[in-house]
Amino acid sequence: MASKHRLSTSKIVHPDKDPVLNEENPFDAMMSRFDRAAELLDLEPGIYKILRNAEKQITVSCPIVMDNGEVEVFTGHRVLYNTSRGPGKGGIRFDMHVTLEEVTALAAWMTWKSAVVNIPFGGAKGGVVCDPLKMSVGELERLTRRYTVGIIQTLGPDSDVPAPDVNTNERVMAWVMDTYSMHVGHTTTAVVTGKPVEMGGSLGRREATGRGCTIVTTDALDHLGMHVSKSTIAVQGFGNVGSTAAMLLEEAGAKIVGISDRDAAFHNAKGINIKQAIEYVKKNKSLKGFKGGDEIQGSELLTLDVDVLLPAALESVITTKNAHDIRAKVVCEGANGPTTAAADSILDEKGVFVIPDILANAGGVTVSYFEWVQDRGGYFWDEKTVNDRLTEIMRRSFADVLALSKSHKGNMRTAAYMLSISRVASVHRLRGIYS
Ligand code: NAD
């Protein structure tokens with residue numbers, strides 16, 4: 001019998017599009033790109049409605065006893081945006097600015113990111129409204145465990161697999177894993193990724209995002225008839241992603257002529273010694289005072305005359321205000337949402353080749369997937385195997401997105417969204433609507 005909820009195939013209309021898009025809001029920017037890709041795909045209204053809504057949103061109160069004996073109640077959220085292709089995957093952040101809306105948008109982002117690299121995960125995200133810098137380790141542990149119990153119904157290797165995000169780390173993942181394991185009665189390493197290696201974490205996870213950026217940058221340069229060993233590169237942000245990418249690109253022969261962090265920015269036309277910069281930051285916690293180049297303004301770094309610009313710090317740093325001045329031929333988005341939607345068209349007009357965030361920084365979620373696979377198999381890979389498999393997935397994904405961008409005569413971002421949305425949509429069509 002035909003379902004009364006058959007998916008309509010008539011042309012899409014967007015009655016519930018975001019009414020106001022704010023250039024500085026990366027989530028509005030993401031949703032506007034989602035809409036553009038959905039329109040180009042001629043996505044049927046039924047599927048469009050499904051993909052524009054989160055599957056599950058949970059909000060929990062987390063009361064804990066603080067070190068001073070007082071009870072404090074924190075609010076936590078976990079959102080499963082779409083799990084049609086596999087368990088929800090996405091980090092947990094501890095931050096005062098966490099809202100349900102933000103967590104939902106980030107969970108949507110994870111859905112597209114997992115799909116663009118074609119790993120069998122859906123998208124999820126979690127957050128607790130708190131200021132972790134003002135909390136003791138004991139308070140953070142009690143909060144993590146209470147939040148984990150609050151959302152335990154969704155957690156599980158087959159349903160929802162968190163990872164670290166802003167202000168959470170390996171130690172927090174160890175507490176989540178332990179709390180979950182105590183409740184189910186056995187050790188379940190595959191319930192989180194980004195764990196310490198001693199308890200089921202994967203080799204190569206720390207470097208995975210920066211390594212992924214390096215792989216797609218190399219492929220982009222090849223595509224443009226350039227070569228990484230002859231290229232000049234500026235990297236904004238010198239944390240996990242930025243410093244790893246800079247180091248690996250330097251190893252590949254590129255000249256890193258600009259680096260920056262939140263405290264300082266440097267330019268050296270002869271090339272900055274990245275190993276020295278990493279050592280310096282290890283000792284001094286910041287690039288401030290580094291002597292390997294001329295100090296410049298942070299904003300100048302973005303407009304240096306380089307082959308590749310790799311923003312790996314913050315969102316919304318390339319906007320309508322500076323996009324005209326970008327001189328790089330390739331922008332590799334290591335950070336999430338570094339380019340606003342309005343700036344996209346300016347970069348397009350200038351012919352800048354942008355490797356979009358959902359592809360460029362998907363190396364992290366890819367090795368998270370490897371960690372989950374290794375935990376479930378109980379068999380661990382050496383670092384070379386992890387890196388080789390990461391390279392294979394990143395290169396294949398870059399080629400898939402490039403092919404789609406060519407066939408649709410569009411840019412890489414639109415192609416990446418089209419590819420991921422079509423993959424999620426296709427699973428919904430095959431599975432149908434259960435009612
Ligand atoms: P991190 O905290 O290790 O490093 C962030 C770096 O950015 C630091 O060096 C910091 O000083 C610098 N920074 C902050 N404000 C700056 C400013 N105004 N100008 C220049 N630099 C500034 O973070 P990370 O893990 O490297 O993440 C960086 C970006 O990549 C974020 O957008 C994150 O969401 C994204 N990302 C990270 C991963 C991952 O696996 N770590 C995965 C996907 C996406």
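The values are calculated or read from the model by the stated rules, or taken from the named source; none is laboratory data. Owing to the predicted nature of the structure, the values given are computational and were not obtained by experimental measurement. Cβ coordinates were reconstructed from backbone atoms using ideal geometry, including for glycine residues, and neighbour counts include every protein chain displayed.
Things worth noting here:
- Single unsatisfied condition, VAL129 versus (1) more than 22 Å from ARG205 (Cα to Cα); (2) within 13 Å of the ligand (Cβ to nearest atom): (2)
- Screening SER286 against (1) within 9 Å of the ligand (Cβ to nearest atom); (2) among the polar types (S, T, N, Q); (3) touching a helix residue (DSSP H, G or I) at 6+ places or on another chain (Cβ under 6 Å) leaves a single unmet condition, (3).
- Restricting segment 319-346 to residues that are within 16 Å of the ligand (Cβ to nearest atom) and in a strand (DSSP E or B), the residue that is farthest from ARG211 (Cα to Cα): THR339
- The helices (runs of 4 or more DSSP H) falling completely within segment 235-318 that include 1 or more residues that are under 23 Å from ARG206 (Cα atoms) and in contact with a Cys (Cβ under 9 Å, 6 or more places away or on another chain) map to 240-251.
- ASN387 being in contact with a helix residue (DSSP H, G or I) (Cβ under 7 Å, 6 or more places away or on another chain), in a loop (DSSP other than H, G, I, E, B), of a type outside the set (Gly, Ala, Ser) and closer than 22 Å to VAL192 by Cα: no
- Hey, LEU224 hydrophobic (A, V, I, L, M, F, W, C) and away from the ligand (no atom under 15 Å from the Cβ) or not: yes
- First in segment 347-362 and within 11 Å of the ligand (Cβ to nearest atom), second anywhere and acidic (Asp, Glu), Cβ under 6 Å, 6 or more apart: ASP357/GLU333; ALA360/GLU333
- Top-ranked residue in segment 256-295 [being under 24 Å from the mean Cα position of the chain (by Cα) and of a type in the set (Ser, Thr, Tyr); ranked as surrounded by the fewest Cβ atoms within 10 Å (Cβ to Cβ)]: SER286
- In segment 166-201, residue modelled with the highest pLDDT [restricted to those that are closer than 27 Å to GLU315 by Cβ and of a type in the set (S, T, N, Q)]: THR193
- Some residue of segment 309-326 being out of contact with any strand residue (DSSP E or B) (no Cβ under 9 Å at 6 or more places or on another chain) and surrounded by 21 or more Cβ atoms within 10 Å (Cβ to Cβ): no
- Of SER84, SER32, SER61, all but one fail to be of a type outside the set (Val, Ile, Thr) and modelled with pLDDT under 95; the exception is SER32.
- When VAL149, VAL176 are screened for being in a helix (DSSP H, G or I), touching a residue at least 60 places away in the same chain (Cβ under 8 Å), closer than 20 Å to PHE94 by Cβ and more than 16 Å from the ligand (Cβ to nearest atom), only VAL176 passes.
- Some residue of segment 289-302 being closer than 18 Å to THR218 by Cα and of a type in the set (Val, Ile, Thr): no
- With respect to the conditions (1) within 16 Å of the ligand (Cβ to nearest atom); (2) part of a helix (DSSP H, G or I); (3) under 23 Å from ALA220 (Cα atoms), GLU371 lacks only one, and its number is (3).
- Taken together, the criteria place ASP261 among residues that are within 9 Å of the ligand (Cβ to nearest atom) and in contact with a Phe, Trp or Tyr (Cβ under 6 Å, 6 or more places away or on another chain).
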